[in-house]
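First the structure, in the form of structure tokens, and then the observations on it.
The values are calculated or read from the model by the stated rules, or taken from the named source; none is laboratory data. It should be emphasised that the depicted structure is a prediction, and the values quoted were computed from it without experimental measurement. In this analysis, Cβ positions are derived from the backbone assuming ideal geometry, glycine residues included, and neighbour counts consider all displayed protein chains.
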Amino acid sequence: MTDTIYLDHNSTSPIDPDVAQTICDCYFQGYVNPASQHRMGQLARRKLEQLRRRMAEILGAKCSGMQTDQLVMTSGGTESNNLALLGLVGATRQETENDSDHPRGRVLISAIEHPSVVGAAEQLTRLGYLVDRIPVDKNGVCRVDDFRLLIESPTTLVSMMLANNETGVLQPVSEAAALCRERGILFHTDAVQAVGKIPVDFQDLGVDALTFTAHKFNGPRGIGGLIVRHGIPIQPILFGGFQQMAIRPGTEDVALAAGMCRALELYEENPSGRFLKILELRDRLENDLLAEFGDLIINGGGAKRLPHTLNLSFPGVDRQSFLMAADLAGLAISTGSACASGSSELSPVLLAMGIEKEVVEASIRISLGVSTTSAEIQETTHRIIKIIHDIRALK
């Protein structure tokens, strides 16, 4: 049987053995519910707060003094994005007339957001908010000039991802956040694909809220976070507990928090080494495929991208046919967001970039990770070349 090569790290990254051991050690230490008031509960609480402070420090949040930023632990990126959009606008909502011509407020999201941001925005629409989209250029980069015009109208919140999950294209978050701050507009960024892959500093970005999740950078699934700037009000979307200042009720898992913290620390130990290794492998795969197929299209290839993400289109090759053949050939890759993988819908991200439907229908996403090897990339190139030639020969 052909050995499977895993190239779907943007969907989820395999847990690092060191992280897994950290979680096991934490469970064996017997930490109890950190909300309990007895001595064992207090011990768990101290450990949890140490981990929270360490993660905030790594991600550039203020973790000491009078203006400490808040790190809210969640179940992952989807919950964090929902909490950001629904919680931030809910805390700043001003009551208006109950009239469809007078929405409760206005929210802007980029045209290339993850389904969890899009879904939360759709819920805001149902609640009476006006939601507009920030357009992107042909490489999938938000148009700053258009953005300036959009925020001339009263706006409550902007949500712009730091790096796209399908193309890896980086967005002008710092510039857009600065424009919003001048106007008193709240700004959230979904940094799920960026944290643990490139340097991410909450304070340097100048945003009011930032989403991340552990399983995208070799941490455990089931835990993520939302960093909220000091003094920014946010309402809960879950109810029935007082944990985390009642913003996110529910019993915190000390072991999962320890795993997420350890995964961040592993990245922090050698960020440039990880970046350069993955970038070299990604570029080698891209260049070898371009050399074989003159009509190959790199979606977003003209913009700055994450080092591990490659979105390709082989004109005339149906993406679903390719995926089935790739799976049989032992290649674990995808067509885009795993959260939308059950849908046959064409990628909204690529369509927003103005890419022709035929090219979108032929698109696939390859995403590497720290565990990807040079030998795997060489073998991946051979297998993809054979698959494309076989499909085209059949046609």
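What to note about this one:
- Matching residues in segment 346-395 - criterion: being in contact (Cβ under 8 Å) with a residue 24 or more places away in the chain, closer than 17 Å to Asn311 by Cβ and among the basic types (Lys, Arg): Arg365
Okay, residues lined up against (1) under 19 Å from Glu79 (Cβ atoms); (2) outside the structural domain of Phe212 (by TED's automatic domain parsing):
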position: Ile247; (1), (2): yes, no
position: Ala263; (1), (2): yes, yes
position: Leu276; (1), (2): no, yes
position: Glu280; (1), (2): no, yes
position: Asp288; (1), (2): no, yes
position: Phe293; (1), (2): no, yes
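- Residue match in segment 114-121 (condition: farther than 19 Å from Glu79 by Cα and free of Cβ contacts under 8 Å to residues at least 40 places away in the same chain): no
- Candidates Met66, Met40, Met73, filtered to the one that is hydrophobic (A, V, I, L, M, F, W, C), more than 16 Å from Asp190 (Cβ to Cβ) and surrounded by 22 or more Cβ atoms within 10 Å (Cβ to Cβ): Met73
- Listing of helices (runs of 4 or more DSSP H) fully contained in segment 284-395 that carry 1 or more residues being polar (S, T, N, Q): 319-328, 374-394
- Of all positions in segment 128-146, none carries a residue that is buried (at least 21 other Cβ atoms within 10 Å of the Cβ), in a helix (DSSP H, G or I) and either basic (Lys, Arg) or touching a strand residue (DSSP E or B) at 6+ places or on another chain (Cβ under 9 Å) (or both).
- Filtered residues of segment 150-183 (kept if part of a strand (DSSP E or B) and of a type outside the set (A, V, I, L, M)): Ser159
- Candidate set from segment 15-34 (those that are in a loop (DSSP other than H, G, I, E, B) and free of Cβ contacts under 8 Å to residues at least 12 places away in the same chain); member that is farthest from Thr251 (Cα to Cα): Gln29
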